[in-house]
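Working notes, structure below.
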Amino acid sequence: MRLVLRSGVILSAMVLIAASRAPVAAATPQLIKVGTTPEGGRVTFSNVTRPESKHSVLFDANPIIRGDNLYAPDLVRVGDRWHCYHGGWLTSGQRYDRVYVGISAGLDPAGPWNPASQLAIHEGVYMHVNDPSVAIHDDVWYMVYTAFKYQDSVWRDWINYSTSSDGIQWTPSVATTATEIVLTDPNNIAGGPITDMARPSLVRTPTGWKMWFDGRVNHTGVNSYLAHSTDTVPSHFTLMHRYDRIEGFPGFYEPDVVLRPDGTYLAVVQRHFRHLYVGTSTDGINFTLTRDVSTTDPLFGRSRISNPGQVYDQVEDKFLGLSFGMTDNLSLVDHDIGFSASQYKVEVRSPGGVWHTQSLAAGLDLQSVLTPGYSNFDRVRITDPITNTVVLNQSFTDAAPGDLWYVHWDPAAPLIDPIEPDPGSVVERAEYVRPFALFAGQEPITWSLVEAPENAWIDEQGVVYWTAPPLVDSSIHTFIATFRVRAENAAGADERSWQVEVQPVFDGLPDFDGDGDVDMDDFGLLQSCLGIQNLTSAPLCAKADLNDNGRVDQADRSLWAGCISGPGIEADLDCLPSY
């Protein structure tokens, strides 16, 4: 297994992926060097995810989702897939905003997305549609989004809705006036008629729906609002709260809100197009906000930030980071989409008291501390950003630029050695043996095979045994077997997966299936390989190259015919001429 940094650099080491991710550190973790990366000017640490930390480390590949002007990401995890909904212009000259969705099947919120930016909602009769917010209830997907058009001599934003059964195909898939939501304000909370609504965040609650949004009264300045609905479909809302402005800016601007299983709310909003604030609430109205990502960070790389979304894992109930639009354009166009990851704070010191504190993320679990111009280090420090507690502070004199270190949070828990090579190889019918050892972990250890081909087994010492099957008559491709081993003790567990390639054996005999005779079972392979001119593309057919000339043709067929013994009759081992 190779780990690829988002900047495109391939790490040469096996990166250890623990069965359970980094917990809140209760004891001093153990640092284990697991390899190197060709990149200079940084020291990289894996297994450093710190959910809930509200200390986001910017991804080194930002911006990650690119287009002519893409922004307003909204992420939803379902099963083993992340859906990233976003809006804007995908290509130059598109003119109108649309809503798109990208899917990451590897549970990596930073992609790769496949499909990437697939059209979800077309603008229809509007000038554009954008700012999607998606919620799932009773297996139905609901999306609310901004729709913009010229109406009654003014430009007007409003919020529309669509539904879906799979998150890909939406009804309607074209914005229509019939799916504009209806908003009422019986208590005059807004202080006048709301003429514009935009940038919604939709949440399903036990009693209905909540929707946070930005709006205008009589086309005047923007304020932030909260409305609720008891409808099955989020089509009719009643206004329930208006947020105060803060420093002349809407107090809850461009929100993204989630409701957690414990009944609390988690939100991200932006201020002045320069800062993102993350906050929590017990009632969905009053949020305690803390500044997180900011364009003042020299590693941000753009001057404006907008339309944030959370990387919130709905399946495991974990806040993992943020997503956002980023641009240098003062008119707030030309956006691309970036990400940040909630992680522990990792710092490295060089002799002379120089602390290296700037970091970039290459994944949810991977952080590189930037150390340009320095080649020697004497200390490393890891801090829990929630409690501001230093959980590791130790000598680091054996570190060097380009190192990859694994943070093992509980040294008593097992940590399996990396698997090299991966994939491994074995010839057909041969015995495959792989012993395993531990980097860390206290005895006793229980070993098990979580996934393996038929007849594979593992002994009490962690040695895997398997007899590779014969490669016969139905395929011209090498067989690949997948294994996954697990080591477990009272403190925890670790798993490793790898693959083994079963390769054919050229033994110079026409008994291709190895059963001792030459019959029509063997002819099946020969027939499937006839005409193969390049055996490197069909390694199984090397067995059928009886004259060993690098191809399978009629000459081999004639040689095979001279060796037929019949079913159950022992073949003559000397039936072929010598070459």
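Computed from the coordinates by the stated procedures, all read-outs in this text should not be read as laboratory data. Keep in mind that what you see is a predicted model, and the values were worked out from it rather than measured. Ideal geometry is used to build each Cβ from the backbone, glycine not excepted, and the neighbour counts take in all protein chains shown.
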Compute the convex hull volume of the Cα atoms of the chain, divide it by the residue count, and report the result per residue in Å³ as a whole number. 209 Å³
Order by neighbour count: Met211, Met520, fewest other Cβ atoms within 10 Å first, most last. Met520, Met211
To the nearest 0.05, the calculated FRET efficiency linking Glu570 and Ser425 through their beta-carbon distance, R0 being 25 Å, is 0.25
Convex hull (Cα only) mean projected area of region 240-397, reported in nm² to one decimal: 11.9 nm²
Sorted by mean Cβ packing within 10 Å, highest first, what order do the peptides 445-455, 126-136 take? 126-136, 445-455
Considering the convex hull of the alpha carbon atoms of region 360-412, report its projected area averaged over all viewing directions, in nm², one decimal. 4.7 nm²
For the pair Glu451 and Thr91, what calculated FRET efficiency results from E = 1/(1 + (r/R0)^6), where r is the Cβ-Cβ distance and R0 = 56 Å, to the nearest 0.05? 0.85
When the expected Rg is taken as 2.2 N^0.38 Å, what fraction or multiple of it is the alpha-carbon Rg of region 56-342? 0.91
Return the inverse of the average 1/r over all pairs of distinct C-alpha atoms in region 97-148, which is the Kirkwood hydrodynamic radius, in Å to one decimal. 12.2 Å
Straight-distance crosslink candidates among lysines, where the alpha carbon sits under 29 Å from Lys345 and sequence neighbours closer than 8 are dropped: Lys33, Lys54, Lys318
Translational diffusion coefficient, Stokes-Einstein: compute it for region 415-503 using the Kirkwood radius over C-alpha pairs as Rh, at 25 °C and 0.890 mPa s, and state it as an integer in µm² s⁻¹. 179 µm²/s
Expressed in angstrom and rounded, the centroid-to-centroid distance over alpha carbons for region 394-421 and region 159-219 is 50 Å
With each run of n ≥ 4 DSSP H residues scored as -39500 (n - 2.57), what mean residue ellipticity at 222 nm is computed for the chain after dividing by its residue count and rounding to the nearest 500 deg cm²/dmol? -1000 deg cm²/dmol
Rounded to whole Å, sorted largest first: equivalent-ellipsoid semi-axes of region 101-254, Cα gyration tensor: 27, 18, 16
How would you rank Glu180, Glu428, going from fewest to most other Cβ atoms within 10 Å of each one's own Cβ? Glu180, Glu428
Relative to the chain, whose Cα atoms define the longest principal axis, helix 520-529 and its Cα axis are tilted in degrees, nearest 10, by 60 degrees
Pop the C-beta distance of Thr264 and Thr230 into the FRET formula with R0 = 22 Å and round what comes out to the nearest 0.05. 0.55
For the pair Val125 and Val154, the simple spin-label estimate (label points 7 Å beyond Cα toward Cβ) gives in nm 2.0 nm
Fewest-first sequence of Lys543, Lys345, Lys33, Lys149 by Cβ atoms within 10 Å of each Cβ: Lys33, Lys149, Lys345, Lys543
